[in-house]
Amino acid sequence: MGKCNFCGREDRLVSEVLNACRNCILNQDWDIIKTYLSKIHENIRNLEGLPKRAPSSTNSNIQFKCNFCINECKLSFNDISYCGLRNVQKNQTGELTFPTRNNGYIHGYIDANPTNCCNSWFCPAGTSAGYPQYSDYNGPEYGTYSYAAFLYGCSFNCLFCQNSSHKWIARKNLLDAEVLANQICNNKKISCLCYFGGTPEPQLSFTINLAELILEKLKKEDPDRKFRICWEWNGSGNRSLIEKCMEIAIKTGGNIKFDLKSYSKKVHYALCGVSNKRTLENFEYLATNYYGLRGNQMPEMSACTLLIPGYVNHEEVEYISRFISDINEEIPYSLLVFHGDYQMKDLPITPLIQAENCLNVAKKYLKNVHLGNKFLLNF
Ligand SMILES: [Zn+2]
């Protein structure tokens, strides 16, 4: 049980890693709270061997500027990028090789369709949507696989991360796009590919290149094969790169999944250590310009939110639902039941009452709402 250092409240819904309640995060002096929260994130990142904050060197020694995500790291010698994937050292020994469009830090595996993907309730792998244009199955694609492309590195520092092994970046995981494209194309049972992680943003050019290599190869060797490509991300990416991803997703029958972790910028900063400004802007931009473009029952993008007890409550869900419905009330929205993970193992599973409240609130604004990870509620 945590205790809020600002109001003194002791509660199982106050996480021990933050020791700050949602109410104080939102309502106390932000300069004080922000400094307090920054320290917590910096300490955790330090223990992970990650830089405390995004390097923003202003000296003339800048060796590398990265513009793949909101952090826009400026690296001089011995700096490591916020995501942990890029560093510049004077002597070229021991450090990680930069990921490029041809080489990415990735762990891929096949997952039987329909997977536990947050969109399987409306995508061609889990339903009859997209048949026959984007799927050979007039129903769930039993007997086929999704290629789960787990990308190392992340542009956020979520304390509740449910995939924190993305931080274990190692040379052996730097793989060649051409080799992967061949492996994926050779397994004819694979009908879709989903990039996730970590988050794909720090390696967007690699994900685009791998997607294009696969599509070129299939066009030549197996033109009738259906192959959808999706991205699940935190939305903090470079505008022109995410547009390219959106175009690939649309053309292949795939979709883009935005994790909208919270709407309140203060709560987002407390939980994720980075601003949600770019995420919300990118969501709005893509939804405004691309949603509905395919003109069928196949949503081009979706949003999903993890219901973190004590922090991401019905108020957050209401803000997010309103934000989405102001753009288009048809956009699918998944709420996910939380289980304790990474630094927030002390928080309980989302209580049933919270899940129901959130679901009801979202349904006031949006036409397509779904509750995922429901099996956890049985505990
Ligand atoms: Zn408090």
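Across the range 38-57, the number of residues qualifying as closer than 11 Å to residue 157 by Cβ and in contact with a helix residue (DSSP H, G or I) (Cβ under 9 Å, 6 or more places away or on another chain) comes to 9.
Condition check ((1) small (Gly, Ala, Ser); (2) open to solvent by 80 Å² or more (accessible area, probe 1.4 Å); (3) part of a loop (DSSP other than H, G, I, E, B)) across all residues:
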{"position": "23", "(1), (2), (3)": "no, yes, no"}
{"position": "26", "(1), (2), (3)": "no, no, no"}
{"position": "34", "(1), (2), (3)": "no, yes, no"}
{"position": "42", "(1), (2), (3)": "no, no, no"}
{"position": "54", "(1), (2), (3)": "yes, no, yes"}
{"position": "61", "(1), (2), (3)": "no, no, yes"}
{"position": "84", "(1), (2), (3)": "yes, no, yes"}
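Checking each residue in the range 343-357 for being open to solvent by 30 Å² or more (accessible area, probe 1.4 Å), in a helix (DSSP H, G or I) and more than 18 Å from residue 371 (Cα to Cα) picks out only 343. For first residues located in the range 326-343 and β-branched (Val, Ile, Thr), partners that are outside any strand (DSSP E or B) and open to solvent by 30 Å² or more (accessible area, probe 1.4 Å) and lie 6+ apart or on another chain with Cβ distances below 7 Å form the pairs 327/284; 327/288; 331/291; 337/349; 337/373; 337/374; 337/377. Restricting attention to the range 17-45 and to residues that are within 12 Å of the ligand (Cβ to nearest atom) and among the β-branched types (Val, Ile, Thr), the residue that is farthest from residue 267 (Cα to Cα) turns out to be 33.
The residue that is most open to solvent (accessible area, probe 1.4 Å), among those in the range 212-232 that are more than 18 Å from the chain's Cα centre (by Cα) and closer than 20 Å to residue 173 by Cα, is 213. Across the range 1-16, the qualifying residues are those that are open to solvent by less than 30 Å² (accessible area, probe 1.4 Å) and in contact (Cβ under 8 Å) with a residue 24 or more places away in the chain, and the one among them that is nearest to the ligand (Cβ to nearest atom) is 14. Only residues that are farther than 12 Å from residue 365 by Cβ and in contact with a Cys (Cβ under 9 Å, 6 or more places away or on another chain) were counted in the range 315-331, giving 1.
Considering 264, 240, 321, the condition of being within 16 Å of residue 204 (Cβ to Cβ) and more than 16 Å from the chain's Cα centre (by Cα) is satisfied by 240 alone.
Quick check: anything in the range 189-201 open to solvent by 30 Å² or more (accessible area, probe 1.4 Å), closer than 29 Å to residue 283 by Cβ, part of a helix (DSSP H, G or I) and touching a residue at least 12 places away in the same chain (Cβ under 8 Å)?
Just the residues of the range 189-201 that are open to solvent by 30 Å² or more (accessible area, probe 1.4 Å), to begin with: 189, 196.
Still in the running and closer than 29 Å to residue 283 by Cβ: 196.
With part of a helix (DSSP H, G or I) added as a condition, the list becomes none.
Taking every residue of the range 189-201 in turn, none turns out to be open to solvent by 30 Å² or more (accessible area, probe 1.4 Å), closer than 29 Å to residue 283 by Cβ, part of a helix (DSSP H, G or I) and touching a residue at least 12 places away in the same chain (Cβ under 8 Å).
The values are calculated or read from the model by the stated rules, or taken from the named source; none is laboratory data. On a predicted model such as this, the values are computed, not experimentally measured, just so you know. Don't worry about glycine lacking a Cβ; one is built from the backbone with ideal geometry, like all the others, and counts go over all protein chains shown. SASA here: full protein model, heavy atoms, side chains in, ligands and nucleic acids out. Shrake-Rupley method; radii C 1.70, N 1.55, O 1.52, S 1.80 Å.
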